Amino acid sequence: MQQEAPPSRVSSEDEIDLVDLFLVVWRRKLLILLVTLVSFLTGIAYAFWHTPSYKYVTSFEMGSLLEGGGTQGGKVSVEPIESVKIKLEEVYIPQAVRQIASTYQQFPTPRATVKTHKDSDILLIESNGHEDMQQLYGELHRVIISPVVDQHDEIVSSAQEEYLLGVKKAEIELQVLTDPDIYLFSEQVLLGE
């Protein structure tokens, strides 16, 4: 035996009357039109009179060296990233800004900031400016990052020279061990001949 569900009783207070809703909107049509028009005109004015600002970003990935001359496998940063960030903020950026400001005197003094991401070996140098200042910010970022690149090139070159000297030393030791004349001489010395 099936039971029929009792008819639902919805009170007239819970119902939305679409006709009443339309009438409210119709009565407020001038206010709605006025708000829409003011918003539209404000957006158009902003688009025409606002000078666009561009973000210039240069990314720099820290180099790494093989730990232990390449024989034990692990990699280490050429220089700790926080150390490089401090050098950039305290020394290289102020120097570069002074240099660029004296070269490009017709432009406002440029600014640059350095950001790092957690657990990353990438530095970001960021500047905000106008489109016509692209050359200025490109030069600023190049001047900022050049000393870091030069220092890291020196560190890497030194490590390469050290590695090549180690390889040369190992080759000489291997040659000594495999040279038959040296082997025979060592054998004769051991036998007392």
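The values are calculated or read from the model by the stated rules, or taken from the named source; none is laboratory data. Every value quoted in this text rests on a predicted model; they were computed, and no experiment measured them. Methodologically, a virtual Cβ is constructed for each residue, glycine included, from the backbone with ideal geometry; neighbour enumeration extends over all protein chains shown. Just the protein is used for accessible areas: all its heavy atoms, side chains included, with ligands, DNA and RNA removed. Shrake-Rupley method; radii C 1.70, N 1.55, O 1.52, S 1.80 Å.
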Checklist entry - On full extension of the chain, what length is gained from Glu139 through Val57, given 0.36 nm per residue of separation minus the C-alpha to C-alpha distance? => result 28.3 nm
Checklist entry - For Ser83 and Leu164 in one chain, what is 0.36 nm times their gap in residues minus the Cα-Cα distance, to one decimal in nm? => result 26.4 nm
Item to check | Within the chain, longest stretch free of exposed trypsin sites (Lys or Arg not before Pro) [DSSP loop, at most 13 other beta carbons within 10 Å] | outcome: 29-110
Checklist entry - What is the local net charge at Gly63, summed over the other residues whose Cβ is closer than 11 Å to its Cβ (Lys, Arg +1; Asp, Glu -1)? => result -3
Item to check | Compactness of segment 87-171 - radius of gyration and Dmax, Cα, Å | outcome: 17.8, 61
Checklist outcome for this item: Helix 93-103: inclination vs the chain longest Cα principal axis, degrees, rounded to 10, gives 80
Item to check | Residue-averaged 222 nm ellipticity for the chain, from DSSP H runs of 4+ at -39500 (n - 2.57), nearest 500 | outcome: -18500 deg cm²/dmol
Checklist outcome for this item: Probe 1.4 Å, heavy atoms of protein chains only: per residue, the accessible area of the chain in Å² is 81
Item to check | Under 18 Å from the Cα of Lys85 - lysines, other chains or at least 8 residues apart | outcome: Lys115, Lys118
Item to check | Virtual spin-label span in nm between Val38 and Phe22, 7 Å along Cα→Cβ | outcome: 2.9
Item to check | Charge sum, other residues only, whose C-beta stays under 15 Å from Glu154's C-beta, Lys/Arg counted +1 and Asp/Glu -1 | outcome: -4
Next on the checklist: For the pair Glu126/Leu30, report the inter-label distance in nm, with labels modelled 7 Å from Cα in the Cβ direction.
Outcome noted: 4.8
Item to check | Heavy-atom accessible surface of the chain: percent carbon and sulfur, 1.4 Å | outcome: 58
Next on the checklist: Net charge around Val78, counting only other residues with Cβ within less than 11 Å of its Cβ (Lys, Arg = +1; Asp, Glu = -1)?
Outcome noted: -4
Checklist outcome for this item: With R₀ set to 25 angstrom, the calculated FRET efficiency between the beta-carbons of Ile172 and Lys75, to the nearest 0.05, is 0.35
Checklist entry - How about Lys87: which aspartates and glutamates have a C-alpha closer than 20 Å to its C-alpha, ignoring those fewer than 8 places off in the same chain? => result Glu61, Glu79, Asp119, Asp121, Glu126, Glu139, Asp150, Asp153, Glu154
Item to check | Within straight-line cross-link reach of Lys29, aspartates and glutamates at Cα separation under 17 Å, skipping those fewer than 8 residues along the same chain | outcome: Asp20
Checklist entry - With Rg and the Kirkwood Rh both taken from Cα atoms, where does Rg over Rh land for the chain? => result 1.47
Next on the checklist: What do you get for the angle between helix 180-191 and the principal long axis of the chain? Use alpha-carbon atoms, 0 to 90 degrees, nearest ten.
Outcome noted: 60
